[in-house]
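Report on the following structure.
The values are calculated or read from the model by the stated rules, or taken from the named source; none is laboratory data. What you see is a predicted model, and the numbers here were worked out from it, not measured in a lab. Using ideal geometry, Cβ is built from the backbone for each residue, glycine included, and neighbour counts are taken over all protein chains shown.
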Amino acid sequence: MKLLIITSLKEDLSAISKFLKVAKIEVFSVSKTTGMKLSDGSDLLEDWFGSHGGDFDSIFLFSFTDDDKAGKTLGLVESYNKNHDTGFPIRAFILPVDRSNQ
């Protein structure tokens, strides 16, 4: 089992929902959050919300899924980011779930 995490601006929710549908991930959670950026650093962690400073209406999405579905989603996100240079890329991560109570 994997934990798929996606963060983006709230305006990208429709595109992300399409990625999940294509990957056959039918159950996921979405939380609204505010992304903050105080500087214009070049480090990935400092560059989390693209090249613009300020605060941003964002979403945090996660789903527990299998490796194939998570990988498919990550590939769709990567492709989307390559073709949509908005300055605010969608970020996706796959984390292993070592244990659960299931």
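Looking at Phe88, Phe56, which one is modelled with pLDDT under 95, part of a loop (DSSP other than H, G, I, E, B) and under 21 Å from Glu11 (Cα atoms)? Result: Phe88 is the single residue among Phe88, Phe56 that is modelled with pLDDT under 95, part of a loop (DSSP other than H, G, I, E, B) and under 21 Å from Glu11 (Cα atoms).
If I go through the range 28-50 residue by residue, how many of them are part of a loop (DSSP other than H, G, I, E, B), exposed (fewer than 10 other Cβ atoms within 10 Å of the Cβ) and either modelled with pLDDT of 95 or more or acidic (Asp, Glu) (or both)?
Of the range 28-50, the ones part of a loop (DSSP other than H, G, I, E, B) are 28, 38-50.
If we keep only those that are exposed (fewer than 10 other Cβ atoms within 10 Å of the Cβ) as well, we get 38-39, 42-45.
Remaining after also requiring either modelled with pLDDT of 95 or more or acidic (Asp, Glu) (or both): 43.
Number of matching residues: 1.
Contact map, the range 78-102: first residue loosely packed, with under 11 Cβ neighbours inside 10 Å, second residue not aromatic (Phe, Trp, Tyr), Cβ cut-off under 7 Å, separation 6 or more or different chains; pairs are Gly87/Gly50; Gly87/Ser51; Gly87/His52; Pro96/Lys2; Ser100/Met1. Checking each residue in the range 59-85 for being at pLDDT below 95 and assigned to a strand (DSSP E or B) picks out Ile59, Phe60.
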